[in-house]
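Heads up: the structure comes next, in structure tokens.
Laboratory data are not the source of any read-out in this text; all were calculated from the coordinates shown. Note that this is a predicted model, so its numbers are computed, not measured. Counting neighbours? That spans all protein chains shown, and the Cβs are built from the backbone with ideal geometry, glycine included.
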Amino acid sequence: FWLKFYEEVRKLEQTLVIIKPDGVRRKLVGKIIQRFEERGLIIKKMQQKTLEQPLIREHYAHLKDKPFFDELVDYMTSGPAIVIILEQKNVIQIVRKMIGATNASEAEPGTIRGDFAIGTPENVVHASDSLESAEIEIRRFFSI
Ligand code: UDP
């Protein structure tokens with residue numbers, strides 16, 4: 001029993017999800033969280049906060065030379081966001097599939113962006129895209 005228990009726990013992954021300021025403003029928080037819960041994903045932590053510019057600049061550092069970078073930083077810091085740690089087996093890949101393509105016009109119906117997003121940068125949600133970035137992002141947004 002204990003060996004099996006240990007193996008199950010070991011397989012658990014965590015990912016960082018952000019309901020971006022447009023999602024909060026448009027009162028989509030409940031609907032989005034409901035999708036994660038119905039999928040069987042566990043909410044380990046959840047907090048509302050207005051994200052600070054330096055944090056967002058660091059988070060999106062890989063995009064700093066893009067023409068939309070300043071607009072992206074302004075948008076992400078424009079009001080309260082919800083930061084969430086979700087836990088489950090394969091949660092990183094599952095949540096990336098659930099949120100859909102970055103660009104709203106390419107996001108499939110049935111995905112969060114495909115159902116709720118208008119365009120870029122306003123695409124309602126963020127989710128970590130790999131094990132490595134999930135670990136970094138969880139530490140970054142929850143300072144642990
Ligand atoms: N973004 C944008 N214009 C673009 C591409 C991205 O405004 O042409 C914004 C959008 O909000 C996106 C974020 O920058 O979610 C981060 O982009 P990334 O390529 O990391 O996509 P994601 O991992 O969010 O799907």
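What number, rounded to the nearest 500 deg cm²/dmol, is the helix-based mean residue ellipticity at 222 nm of the chain, given -39500 (n - 2.57) per DSSP H run of at least four residues and division by all its residues? Working shown, then result.
Details: 8 runs with 65 residues, N = 144.
That calculation yields -12000 deg cm²/dmol at 222 nm.
Run the paramagnetic zone check for Gln47: 7 angstrom along Cα to Cβ, then residues of the stretch 82-101 with backbone nitrogen under 17 Å.
82-87
Once fully extended, how much extra length lies between Tyr6 and Ser130, figured as 0.36 nm per residue of separation less the alpha-carbon to alpha-carbon distance? Can you show the working numbers first?
Values: separation 124, 0.36 × 124 = 44.64 nm, distance 2.30 nm.
This chain segment gains 42.3 nm when fully extended.
With the Cα gyration tensor of the stretch 1-115 giving a ≥ b ≥ c as the square roots of its eigenvalues, does the rule (a/c under 1.5 for rounded; else a/b larger than b/c for prolate; else oblate) give rounded, prolate or oblate? Let's see the in-between values first.
Working: a/c = 1.90, a/b = 1.67, b/c = 1.14.
In terms of gyration-tensor shape, prolate.
Would you work out which of Gln34, Ser128, Leu3 lies farthest towards the positive end of the dipole of the chain? Charges go on Cβ: Lys and Arg +1, Asp and Glu -1.
Leu3
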